[in-house]
1. Could you list, in sequence order, all residues of segment 40-62 that are of a type outside the set (Val, Ile, Thr), touching a Pro at 6+ places or on another chain (Cβ under 9 Å) and closer than 17 Å to Tyr83 by Cβ?
2. Counting just the residues of segment 176-194 that are part of a loop (DSSP other than H, G, I, E, B) and at pLDDT 90 or above, which one comes out surrounded by the fewest Cβ atoms within 10 Å (Cβ to Cβ)?
3. Provide a single number: the residues in segment 62-84 that are aromatic (Phe, Trp, Tyr) and more than 21 Å from Leu34 (Cα to Cα).
4. Condition (residue is in a strand (DSSP E or B), open to solvent by less than 60 Å² (accessible area, probe 1.4 Å), farther than 19 Å from Gly138 by Cβ and in contact with a Ser or Thr (Cβ under 7 Å, 6 or more places away or on another chain)) applied to segment 165-175: is it met by at least one residue?
5. Quick one: in segment 126-142, of everything that is out of contact with any strand residue (DSSP E or B) (no Cβ under 9 Å at 6 or more places or on another chain) and among the aliphatic types (A, V, I, L, M), which residue is farthest from Ala157 (Cα to Cα)?
6. Here's a check for you: in segment 24-42, which residue that is open to solvent by 80 Å² or more (accessible area, probe 1.4 Å) and outside any helix (DSSP H, G or I) is modelled with the highest pLDDT?
7. Applying the selection to segment 66-90, what residues are of a type outside the set (D, E, K, R), touching a strand residue (DSSP E or B) at 6+ places or on another chain (Cβ under 8 Å) and under 27 Å from Asp180 (Cα atoms)?
8. Which one is nearest to Leu26 (Cα to Cα) among residues in segment 130-164 that are open to solvent by 70 Å² or more (accessible area, probe 1.4 Å) and of a type in the set (S, T, N, Q)?
Amino acid sequence: MRRFSGILLAFLYALHAGAADQPDALLQEISQQLAKQTHLQVDFIQTKEMAALKKPLVMKGALLYSKADGVIWQLNSPYRVRYEFNGQSVVETNAAGERRERRAEDTPAIAQISNIFKAILSADHALLAQHFTIGATGSIRQWEMHLTPKSAYLRKAMTEIVMTGNQSVDGVKIYEANGDHTDIRFLTPHVADQ
């Protein structure tokens, strides 16, 4: 769960990017566009390449986001597991329907992850700028964003996150410090604006 939380945390940092220490016009445009999303439903294909595996691990699932209710990260293949982040807890439900809840007050890391999810998915620019050096290239119609971790803690887990998008985020690549990397491609998002 700790490894998954680290990767998921990095992924969610990347979902909604904010302004860097010195705001850039493109970063501001992207942030404003993503901040308008109050609901997001998207299927994804996640490919993880690891030195320890001969073939990439391919996972499929869905991401549901509601600004008011939180995040659901549902893996459907090759196994089923569901994570619900609501700001107060993280609930993990396995394929057999067994639920395990971690309350924010019992586990400070859970509280931090839940708060970061809320901040990221509501486009909290200040939080991203605290943790990443952020740069963007392209135009609002087709952009690429690079997030480089500032803290030694995050740099132990990853070297860079690269996001691509247009009206919404199309994909996220997470480059891990150990040389492994994850490529998440979003398929036909259903977005609701304010």
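The values are calculated or read from the model by the stated rules, or taken from the named source; none is laboratory data. No experiment lies behind these values; they were computed from the predicted model shown. Because the Cβ atoms are built from the backbone with ideal geometry, glycine has one as well, and the counts that use them run over all protein chains shown. The accessibility values were calculated without ligands, DNA or RNA, using every heavy atom of the protein model including side chains. Shrake-Rupley method; radii C 1.70, N 1.55, O 1.52, S 1.80 Å.
1. Listed by number, the residues that qualify are Leu40, Gln41, Asp43, Lys48, Met59, Lys60.
2. Of segment 176-194, the ones part of a loop (DSSP other than H, G, I, E, B) are 177-180, 194.
Within this subset, residues satisfying the condition of being at pLDDT 90 or above are 177-180.
Working: Ala177: 13, Asn178: 13, Gly179: 10, Asp180: 16.
That would be Gly179.
3. Residues that pass the stated criteria total 2.
4. So in segment 165-175, the residues in a strand (DSSP E or B) come out as 165, 169-175.
Right, trim to open to solvent by less than 60 Å² (accessible area, probe 1.4 Å) and you get 165, 169-172, 174.
Pick out the ones that are also farther than 19 Å from Gly138 by Cβ and you get 174.
From what is left, the residues that are in contact with a Ser or Thr (Cβ under 7 Å, 6 or more places away or on another chain) are 174.
Yes, segment 165-175 has at least one match.
5. Only one residue fits best here, namely Ile140.
6. Gln41
7. Pass one, segment 66-90, residues of a type outside the set (D, E, K, R): 66, 68, 70-79, 81, 83, 85-90.
Of the ones still in play, those that are also touching a strand residue (DSSP E or B) at 6+ places or on another chain (Cβ under 8 Å) are 66, 68, 70-78, 81, 83, 85-90.
Scanning segment 66-90 gives Val71, Ile72, Trp73, Gln74, Leu75, Asn76, Ser77, Pro78, Val81, Tyr83, Phe85, Val90.
8. Thr137
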